[in-house]
Amino acid sequence: MINFYRRYLKDAAKTQAPLHELLKGAKKKDRRKVHWTVDTRRSFEKCKTDLAEAALLSFPRSGLPLSLCTDASDFAVGAVLQQLENEGWKPIAFYSKKLNETQTSCNIQHVLGKDNVVADALSRIDSISEINFEEIAEEQTTDEELQQLLHNNSLKFKPSTLPSGKKLWCDISTQKIRPYIPQKFRFQIFQLIHGLAHPGIKSTVKLISEKYVWSDIKKQVREWAKACIRCQKCKVSRHTKSKLGEFEQPD
């Protein structure tokens with residue numbers, strides 16, 4: 001039962017560690033006697049007390065700041081996810097896990113970047129960009145092209161309410177909800193999607209047109225993909241096919 005409620009208990013793995021030691025090497029229907037000590041008694045009583053006085057968890061609320069606090073000892077790790085509520089941190093969930101023998105036998109050493117090229121390169125992301133739908137919704141209010149598309153029979157637009165209360169117009173004519181992107185944000189959308197792995201022209205057009213909508217989206221994305229400097233440097237273009245050469249037979 002205590003494992004069922006362990007996410008409500010702080011440092012559950014650390015508290016239960018002496019009890020877990022008693023189960024080492026145990027088999028199914030094992031009737032051997034356990035060596036009950038002062039530590040195991042203290043651990044057992046602490047588990048009962050923690051279960052009876054389980055912390056009251058807060059319900060997650062969007063918009064509130066979150067904090068993930070972590071800690072580790074020689075034999076267990078633990079964490080608590082909190083949110084700032086009424087000028088105080090309230091727990092949302094607890095996490096704890098006892099480390100096995102293999103996990104406690106590792107040594108942590110600092111390796112210089114020049115000696116750890118691959119992992120060091122993968123860990124250095126230039127920047128993490130995100131799409132600000134609040135600004136897009138604000139720009140939509142004065143977008144003349146959107147007003148024309150709202151009367152387009154091939155598309156079906158419906159406003160979606162953002163957490164701030166603003167309306168974001170999206171096309172729902174396909175199985176996916178596709179926000180309309182004003183001119184100001186289109187190249188940013190292209191850079192975010194194409195810049196992840198620099199896929200080919202067809203793949204880029206497909207990825208963007210499946211998620212967003214605007215006039216001449218396929219034509220514009222195709223032109224941007226063709227002009228991508230990194231793609232031109234790294235990808236080999238197809239050469240012009242020539243006819244097979246004709247050679248005179250030797251005498």
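The values are calculated or read from the model by the stated rules, or taken from the named source; none is laboratory data. Here the structure is a predicted model, which means the values were calculated and not measured. Positions of Cβ are generated from backbone atoms using ideal geometry, with glycine treated the same way; all protein chains shown enter the neighbour counts.
Quick one: which of K241, K184, K218, K233 is in contact with a helix residue (DSSP H, G or I) (Cβ under 6 Å, 6 or more places away or on another chain) and free of Cβ contacts under 8 Å to residues at least 24 places away in the same chain?
Exactly one of K241, K184, K218, K233 is in contact with a helix residue (DSSP H, G or I) (Cβ under 6 Å, 6 or more places away or on another chain) and free of Cβ contacts under 8 Å to residues at least 24 places away in the same chain, namely K218.
If a residue must be loosely packed, with under 12 Cβ neighbours inside 10 Å, closer than 30 Å to L22 by Cα and at pLDDT below 85, how many such residues does the stretch 39-70 contain?
Qualifying residue count, the stretch 39-70: 4.
Here's the yes/no breakdown for (1) closer than 19 Å to A137 by Cα; (2) in contact with a Cys (Cβ under 7 Å, 6 or more places away or on another chain); (3) surrounded by 15 or more Cβ atoms within 10 Å (Cβ to Cβ):
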residue: L162; (1), (2), (3): yes, no, no
residue: D171; (1), (2), (3): yes, no, yes
residue: I177; (1), (2), (3): yes, yes, no
residue: Q188; (1), (2), (3): yes, no, no
residue: I208; (1), (2), (3): yes, no, yes
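Which of the residues belonging to the stretch 128-149 are within 19 Å of I217 (Cα to Cα), part of a loop (DSSP other than H, G, I, E, B) and not aliphatic (A, V, I, L, M)?
The answer is D143, and nothing else.
Within the stretch 75-86, is there a residue that is out of contact with any Lys or Arg (no Cβ under 8 Å at 6 or more places or on another chain), without any contact (Cβ under 8 Å) to a residue 40 or more places away in the chain, surrounded by 13 or more Cβ atoms within 10 Å (Cβ to Cβ) and closer than 30 Å to C106 by Cβ?
Yes.
Of everything in the stretch 134-168, what is under 26 Å from the mean Cα position of the chain (by Cα) and under 22 Å from V205 (Cβ atoms)? Give them in sequence order.
Narrowing the stretch 134-168 to residues under 26 Å from the mean Cα position of the chain (by Cα): 134-137, 160-168.
Correct list: I136 only.
Quick one: S209 ticks every box in (1) within 24 Å of E134 (Cβ to Cβ); (2) without any contact (Cβ under 8 Å) to a residue 12 or more places away in the chain bar one, so which box is it?
(2)
Of the residues Q249, Q191, Q175, which single one is at negative phi and either among the charged types (D, E, K, R) or modelled with pLDDT of 90 or more (or both)?
Checking each option against the conditions leaves just Q191.
Quick test of your reading of the structure: K114 fulfils all but one of (1) at pLDDT below 90; (2) part of a helix (DSSP H, G or I); (3) surrounded by 10 or more Cβ atoms within 10 Å (Cβ to Cβ); (4) not aromatic (F, W, Y). Name the failing condition by number.
Going through the list (1) at pLDDT below 90; (2) part of a helix (DSSP H, G or I); (3) surrounded by 10 or more Cβ atoms within 10 Å (Cβ to Cβ); (4) not aromatic (F, W, Y), K114 breaks only (3).
What are the residue pairs meeting all of these: first residue in the stretch 144-163, first residue touching a residue at least 12 places away in the same chain (Cβ under 8 Å), second residue loosely packed, with under 10 Cβ neighbours inside 10 Å and in a loop (DSSP other than H, G, I, E, B), Cβ atoms under 8 Å, and 6 or more apart or on different chains?
P163/S62; P163/G63
Let's see how each residue does on (1) in a loop (DSSP other than H, G, I, E, B); (2) closer than 28 Å to G63 by Cβ; (3) in contact with a Ser or Thr (Cβ under 9 Å, 6 or more places away or on another chain):
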site: H151; (1), (2), (3): yes, no, no
site: Q175; (1), (2), (3): yes, no, no
site: F190; (1), (2), (3): no, no, yes
site: H194; (1), (2), (3): no, no, yes
site: T204; (1), (2), (3): no, no, no
site: E210; (1), (2), (3): no, no, yes
site: S215; (1), (2), (3): yes, no, no
site: Q220; (1), (2), (3): no, no, no
site: R230; (1), (2), (3): no, no, no
